[in-house]
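Values quoted throughout were computed directly from the atomic coordinates according to the rules given, and no laboratory measurement underlies them. All of these numbers come straight from a predicted model, not from anything done at the bench. Note that each Cβ is placed from the backbone with ideal geometry, even for glycine, and that neighbours are counted across all protein chains shown.
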Amino acid sequence: MYEIGYSKNASVAQVAMAWAILKNTLPIIGVTKVEHIEDAIHAAEITLSRNERRERQALAKRQA
């Protein structure tokens, strides 16, 4: 996830949020600072490639 984040100028947390959004789920994000809202906005703007989606899916299956 670090590599994806690096390539998209995003944090690992933002990539994780983007993945959750892609899976049609809505991550619950604690919003106590403006930066948290900015992170969520950036995550919503991230587009994962087909290969990145496949990699995330494979990792998710291994974690289950």
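Structure values in brief
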| item | result |
| --- | --- |
| Helices (runs of 4 or more DSSP H) wholly inside the chain that include at least 2 residues being surrounded by 15 or more Cβ atoms within 10 Å (Cβ to Cβ) and of a type in the set (D, E, K, R) | 50-63 |
| Residue count, the range 21-56 (criterion: of a type outside the set (A, V, I, L, M) and closer than 16 Å to residue 9 by Cβ) | 8 |
